[in-house]
Amino acid sequence: MTLHAASRDALGFAETRLDEVLRDAGTNPSAVGEELLSVVDLFTKEVGLRRSVGDGSSDPEARKRLVRSLLQGKVSEPALGVLDTVVGSRWSSPRELLDGLETVARKALLVSADKAGKLDTVEGELFNLARIVEAEPELERALSDQVGSAAGRRGLVRSLFGQKVDAVTLVLVEQVAARPRGRGVVSGIDALVEQAAAYRSRSVAHIRSATELTGGQREQLSARLQQIYGRDMALHVQLDPEVGAGLVIRVGDEIIDGSVAGRIEALRRQLAS
């Protein structure tokens with residue numbers, strides 16, 4: 001997600017407000033996240049409303065009153081408190097407000113997974129689902145098809161994965177399918193993996209290996225990557241027999257190819273030059 005300076009500041013204010021709201025022991029972070037996602041859906045459908053709440057030149061208090069007049073009694077007070085900050089802040093565009101609100105909603109769901117001791121599970125499930133969809137081009141096309149309805153894409157996600165993953169994982173993937181932000185579903189789910197890792201101040205290392213890594217190998221690799229990048233790493237391993245010996249590691253846009261296949265390809269390029 002790319003945000004301009006004003007929107008980055010607005011997102012920071014919104015996330016701080018979310019943290020304050022969720023400190024109340026009586027607040028259910030999962031419920032707040034789902035309520036905020038329902039507002040994302042509303043703003044997505046109602047273009048005029050989205051423009052009104054995202055108009056940084058209008059009176060912030062008027063924008064707050066508008067949202068409360070529409071949603072009072074339909075979403076909880078904690079969710080309304082977050083929405084007050086979102087619509088009362090100045091965003092670079094209505095589209096960036098929508099993206100920012102969605103990011104805040106997703107964070108609330110990740111907080112709920114963390115409080116339940118399931119954040120590792122959710123992060124791992126998201127990574128695995130991205131690899132499943134990536135391996136099935138027809139499925140990715142179906143989940144990314146903007147001609148069909150968002151409800152239909154949500155239903156497809158539920159029918160395929162509903163009984164196989166955590167409830168938070170399912171809600172997050174449904175939202176990606178409903179609103180992929182102009183990119184493929186795989187990229188959208190991978191962005192969620194990144195957000196889940198960033199929640200704990202970690203970066204994601206996507207590792208392709210022909211065999212499962214042992215616990216000791218994971219610890220050594222994690223320590224080495226931490227030395228290279230200067231931050232904690234979340235390791236996600238994809239089994240790929242074509243790699244051969246060694247590993248292919250991707251961190252962001254950087255690829256470290258230590259596989260036999262990679263060395264053979266490098267040799268081919270040298271011979272062809």
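With the structure loaded, tell me whether Gly73 is on the phi > 0 side of the Ramachandran plot and out of contact with any helix residue (DSSP H, G or I) (no Cβ under 7 Å at 6 or more places or on another chain) or whether it fails that test. For Gly73, the condition - on the phi > 0 side of the Ramachandran plot and out of contact with any helix residue (DSSP H, G or I) (no Cβ under 7 Å at 6 or more places or on another chain) - is met.
Residues in region 163-184 that are surrounded by 13 or more Cβ atoms within 10 Å (Cβ to Cβ) and among the small types (Gly, Ala, Ser): Ala167, Ala177, Ala178, Gly184.
Residue count for region 26-58 under the criterion of being touching a strand residue (DSSP E or B) at 6+ places or on another chain (Cβ under 6 Å) and either without any contact (Cβ under 8 Å) to a residue 12 or more places away in the chain or outside the structural domain of Ala105 (by TED's automatic domain parsing) (or both): the result is 0. Any chance region 176-198 includes a residue that's among the polar types (S, T, N, Q), closer than 17 Å to Thr103 by Cβ and in contact with a Lys or Arg (Cβ under 7 Å, 6 or more places away or on another chain)? Checked region 176-198: at least one residue is among the polar types (S, T, N, Q), closer than 17 Å to Thr103 by Cβ and in contact with a Lys or Arg (Cβ under 7 Å, 6 or more places away or on another chain).
Looking at region 168-184, which of the residues that are assigned to a helix (DSSP H, G or I) and without any contact (Cβ under 8 Å) to a residue 40 or more places away in the chain is nearest to Gly148 (Cα to Cα)? Selected residue: Ala177.
Being surrounded by fewer than 23 Cβ atoms within 10 Å (Cβ to Cβ) and either of a type outside the set (Val, Ile, Thr) or under 20 Å from Glu34 (Cα atoms) (or both): is that true of Arg106 here? No, not satisfied. Taking the conditions exactly as written (more than 27 Å from Val168 (Cα to Cα) and part of a helix (DSSP H, G or I)), does Ser92 satisfy them or not? So Ser92 does not fit the description; no.
Can you find even one residue in region 85-93 that is under 11 Å from the mean Cα position of the chain (by Cα) and closer than 30 Å to Glu61 by Cα? Checked region 85-93: no residue is under 11 Å from the mean Cα position of the chain (by Cα) and closer than 30 Å to Glu61 by Cα.
Checked against the criteria, Arg63 counts as surrounded by 15 or more Cβ atoms within 10 Å (Cβ to Cβ), over 22 Å from Leu172 (Cβ atoms) and basic (Lys, Arg). The test for being of a type in the set (A, V, I, L, M), touching a helix residue (DSSP H, G or I) at 6+ places or on another chain (Cβ under 8 Å) and under 30 Å from Arg23 (Cβ atoms) holds for Val67.
The values are calculated or read from the model by the stated rules, or taken from the named source; none is laboratory data. All values derive from a computational prediction rather than experimental measurement. With ideal geometry, Cβ positions are generated from the backbone for all residues, glycine too; neighbour counts draw on all protein chains shown.
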